[in-house]
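The values are calculated or read from the model by the stated rules, or taken from the named source; none is laboratory data. Computed from a predicted model, the values in this text were never measured in an experiment. Here Cβ is always computed from backbone atoms with ideal geometry, including for glycine, and neighbour counts include all displayed protein chains.
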Amino acid sequence: MKSIIKFSYVFIFLLGAISCSDDTGGLEIIIHSPEDNATFSQGDTITLEYTVRDDTEITTIAWFGRDLGTGSVSGTDLLKPTTEYSGQFVIVADVEPGTYEISVSATDENMEHVIEEIVTVIIE
């Protein structure tokens, strides 16, 4: 009987520890292109293709790249409850040569979870 009680305490402790972990709530971003460390020339067009998934509802999708600019998915594209959205952002590499990070971020319903995925590009 004592072993059952010990097991119960351990099980409850583990369940509590798992529920307090960093939970993305099912929110996921997949960057399909460009590949990490892809190389582009100044003035090239970078097509950032992505898919965002969530188990409830996606409310925002945006991108940011230092000196490359920012952008977001139009709110009208996300008006109806959406649990999966694929798209692309077109970015002009009109920057000095160097290494740049481009991030895609997304939030879910009521902004309960925010995640970000980063891809690195090299401009020559």
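One table, with the values for the structure above:
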| quantity | calculated |
| --- | --- |
| Failed item in (1) in contact with a strand residue (DSSP E or B) (Cβ under 8 Å, 6 or more places away or on another chain); (2) over 17 Å from Ile118 (Cβ atoms), with Leu79 passing the rest | (1) |
| Residues of segment 82-92 satisfying the condition of being within 16 Å of Ile61 (Cα to Cα) and in a strand (DSSP E or B) | Glu84, Tyr85, Ser86, Gly87, Gln88, Phe89, Val90, Ile91 |
| Pairs with Cβ under 9 Å, 6+ apart, first in segment 93-117 and outside any strand (DSSP E or B), second buried (at least 17 other Cβ atoms within 10 Å of the Cβ) and among the small types (Gly, Ala, Ser) | Val95/Gly65; His113/Ala106 |
| Some residue of segment 71-80 being touching a residue at least 24 places away in the same chain (Cβ under 8 Å), of a type outside the set (Ser, Thr, Tyr) and surrounded by 14 or more Cβ atoms within 10 Å (Cβ to Cβ) | no |
| Flag if Gly16 is modelled with pLDDT under 95, surrounded by 10 or more Cβ atoms within 10 Å (Cβ to Cβ) and small (Gly, Ala, Ser) | no |
| Residue match in segment 102-112 (condition: on the phi > 0 side of the Ramachandran plot and exposed (fewer than 11 other Cβ atoms within 10 Å of the Cβ)) | yes |
| Segment 82-107: number of residues that are closer than 16 Å to Glu117 by Cα and of a type in the set (A, V, I, L, M, F, W, C) | 4 |
| Selection from segment 35-70 of residues that are polar (S, T, N, Q), touching a residue at least 60 places away in the same chain (Cβ under 8 Å) and not in a strand (DSSP E or B) | Asn37, Ser41, Gln42 |
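Matching residues to (1) out of contact with any Ser or Thr (no Cβ under 7 Å at 6 or more places or on another chain); (2) under 25 Å from Ile122 (Cβ atoms):
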{"residue": "Thr60", "(1), (2)": "no, no"}
{"residue": "Trp63", "(1), (2)": "no, yes"}
{"residue": "Gly71", "(1), (2)": "yes, yes"}
{"residue": "Asp77", "(1), (2)": "yes, no"}
{"residue": "Lys80", "(1), (2)": "yes, no"}
{"residue": "Gln88", "(1), (2)": "no, yes"}
